[in-house]
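Trainee: Pasting a structure here, questions to come.
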Amino acid sequence: MRIDILTIFPEMFEPVLNESIVKRARLKKIVEFHIHDLRDYTSDKHRKVDDRPFGGGSGMVMRVEPIFNCLKTIKCKEGKPRVILLTPQGKRLNQGKVKKLSKFSHIALICGHYEGVDERVRCNLADEEVSIGDYVLTGGELPAMVLIDAVVRLMPGVLGNKNSLNFESFEGNLLEYPHYTRPYSFRKMDVPDILISGDHNKIEAWRRVQALKRTKARRPDLLR
Ligand code: SAM
């Protein structure tokens, strides 16, 4: 997959995209990132990416031209990507959406700032709008990184053990069962005996019950 990122803070990305699983996916050439500084797509000498809102009011709005120019360059070179605008007003990201996005071969992420982007970006340039939750962040960079991390780990060959994708929260509408590791006993808190029984059928049944119980307690909406 190719991921283009349109941002006014390009430096924010490398530290995150150069660690852990995403770094491994890059090294294996499963994913490549193209980070675009929107100021490089302006035509004025001040490299202005924002302006005052028509109609007055507080804050600044990100201008449409740099975003349009940047997307045009990407399209000319690489064909049309799936263009995603990060916005708190978008559809909330969930694991189902992440799975769908992981199937695209090319996506472009537009990171807003200030009061957000000119409405013409939303109406004419974005294929979809994604929110990472019902709260407002200062910019779209962190949401873009959240989306990237969630999408990249689903790509074939990225995770060492592909079974971990089959048994994790939201698969089969369940939260995952609890995990324990050594030591067996820590400050009088013991690991459930079933987990050291060696009986894999019983362990599997116990885990299933735990997953159902905690989903019912914490996220009954998933069971419905
Ligand atoms: N004025 C906008 C509103 O009330 O809907 C909020 C703008 S926010 C301060 C600036 C940028 O941060 C947005 O354009 C978007 O790119 C990003 N952003 C903030 N919260 C977000 C969220 N929950 N999900 C996705 N992007 C978000």
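Values quoted throughout were computed directly from the atomic coordinates according to the rules given, and no laboratory measurement underlies them. It should be emphasised that the depicted structure is a prediction, and the values quoted were computed from it without experimental measurement. All Cβ positions, glycine included, derive from the backbone under ideal geometry; neighbour counts span all protein chains shown.
Trainee: Compare M60, M189, M12 in a GNM of the chain, Cα atoms joined below 10 Å, and give the one with the largest fluctuation.
Mentor: M189
Trainee: I've got another one for you. From the mean inverse distance of alpha carbon pairs (Kirkwood) and the Cα radius of gyration, derive Rg over Rh for the stretch 168-223.
Mentor: 1.03
Trainee: Could you order peptides 191-198, 20-27 by the average number of other Cβ atoms within 10 Å of their residues, highest first?
Mentor: 20-27, 191-198
Trainee: Under a Cβ-Cβ cut-off of 14 Å, what is the net charge of the residues other than V83 that fall near it, where Lys and Arg count +1 and Asp and Glu count -1?
Mentor: That sum, taken over residues with Cβ under 14 Å, equals +2.
Trainee: Sticking with this one: Among the aspartates and glutamates, which fall within straight-line cross-link reach of K23, defined as a Cα-Cα distance under 14 Å, with same-chain neighbours fewer than 8 residues apart omitted?
Mentor: E14, E32, D149
Trainee: Only Lys, Arg, Asp and Glu count, each charged at its Cβ (+1, +1, -1, -1), so figure out the dipole size of the chain about its Cα centre, rounded to 20 debye.
Mentor: Roughly 780 debye for the chain.
Trainee: So, with +1 on the Cβ of K and R and -1 on the Cβ of D and E, and no other charges, what is the size of the charge dipole of the stretch 160-224 about its Cα centre, to the nearest 20 debye?
Mentor: With Lys and Arg at +1 and Asp and Glu at -1, about 260 debye.
Trainee: Follow-up question, since we're still on this one. Taking every DSSP beta bridge with both residues inside the chain, roughly what % is antiparallel (nearest 5)?
Mentor: Antiparallel bridges make up about 15 percent of those DSSP assigns within the chain.
Trainee: Which Cα, out of N161, S197, L212, lies furthest along the positive dipole direction of the stretch 152-224 (beta carbon charges, K/R +1, D/E -1)?
Mentor: Most positive-ward Cα: L212.
Trainee: Then there's this: Over the chain, what is the relative contact order in whole percent, taking alpha-carbon pairs under 8 Å and six or more residues apart?
Mentor: 20 percent
Trainee: OK, next. Using Stokes-Einstein with the Kirkwood hydrodynamic radius over Cα pairs, what translational diffusion coefficient do you get for the stretch 135-200 at 4 °C and a viscosity of 1.567 mPa s, in µm²/s rounded to a whole number?
Mentor: Rounded, D is 83 µm²/s.
Trainee: Next question, about the same structure. Please state, rounded to one decimal and in Å, the Kirkwood hydrodynamic radius that the stretch 2-152 gives when every pair of distinct Cα atoms enters the mean of 1/r.
Mentor: 15.7 Å is the Kirkwood radius here.
Trainee: Want the number for Y135 to E115: 0.36 nm per residue separation, take away the alpha-carbon distance, what's left?
Mentor: Gain on stretching Y135 to E115: 5.8 nm.
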